[in-house]
Each structure stands twice: as C-alpha cells, then as structure tokens.
1. Quickly run through segment 1-48 and pick out the residues that are modelled with pLDDT of 95 or more, surrounded by 15 or more Cβ atoms within 10 Å (Cβ to Cβ) and not in a helix (DSSP H, G or I).
2. Six or more apart or on different chains, Cβ under 8 Å: which pairs go from a residue in segment 40-67 that's on the phi > 0 side of the Ramachandran plot to one that's crowded, with 16+ Cβ neighbours inside 10 Å and assigned to a helix (DSSP H, G or I)? Could you list them?
3. Looking only at segment 49-101, filter to residues that are assigned to a strand (DSSP E or B) and touching a helix residue (DSSP H, G or I) at 6+ places or on another chain (Cβ under 9 Å); which one of those is nearest to residue 15 (Cα to Cα)?
4. For residue 33, all conditions in the list (1) more than 18 Å from residue 12 (Cα to Cα); (2) free of Cβ contacts under 8 Å to residues at least 12 places away in the same chain hold save one; what is the number of the exception?
5. Report, by residue number, each residue of segment 66-84 that is out of contact with any strand residue (DSSP E or B) (no Cβ under 6 Å at 6 or more places or on another chain) and exposed (fewer than 13 other Cβ atoms within 10 Å of the Cβ).
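The values are calculated or read from the model by the stated rules, or taken from the named source; none is laboratory data. Computed from a prediction, not measured in an experiment: that's the story for all the values here. Here the Cβ positions follow ideal geometry from the backbone for every residue, glycine too, while neighbour counts run over all protein chains shown.
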C-alpha cells in the first residue's frame, strides 16, 4: 500500500468531494482525468454536464491543487496534479466511500 504523503489529504478530499453539493461531479471529473487529459468541452460532453458547471468545478479543483493545466485559452488541457497523484490512494478510498452512500 502506498504511503500518503500529506496527512491532511483525506481532510481536503472529504471537504472537496463529500462536503459540498458538486462533490459527485468532481469525483467524476477526477476519474476521467486519471485516464488522460481533457479540455473543459471534452469533460462536459463525456459527463453530459453543462460547460459552465464543468468550468466551475475545474476552478475549484485547480484552486485546491487537484488538477493542473497545460496550454492556453481553448487549447487548455487538464490533468490530475502531482499532489493528487501522490495521494491517489486516499482519493480512491474516499471516492468509493462516497459512491456507496
């Protein structure tokens, strides 16, 4: 089992994914980005969610160091951050607990 690098990671994940209304959508976004990078439009189409909603969730995830971006303007692709990648075990545990509810 991987060591969790940040002891506060679980607290942050609970806040971002369980403590707010958009948590389930944020989990879906992260799970999509774990596969490979996407832009906001691709995420919206794949998850069948509103572009503006995805934009909002990406902003929240970016502010909390869950996703990183490469590119500019319409060419921006998002992927999971190094921080999230190094704490992915904690994310996966919390995401599976939230999905059960």
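1. The answer is 37, 38, 39.
2. 65/83; 65/84
3. Going through segment 49-101, the residues assigned to a strand (DSSP E or B) turn out to be 67-70, 77-80.
Filter once more, so that each one left must be touching a helix residue (DSSP H, G or I) at 6+ places or on another chain (Cβ under 9 Å): 67-69, 77-80.
Details: 67: 16, 68: 19, 69: 22, 77: 25, 78: 21, 79: 20, 80: 18 Å.
In this case the residue turns out to be 67.
4. Here residue 33 meets the rest and fails (2).
5. 72, 73, 74, 75, 82
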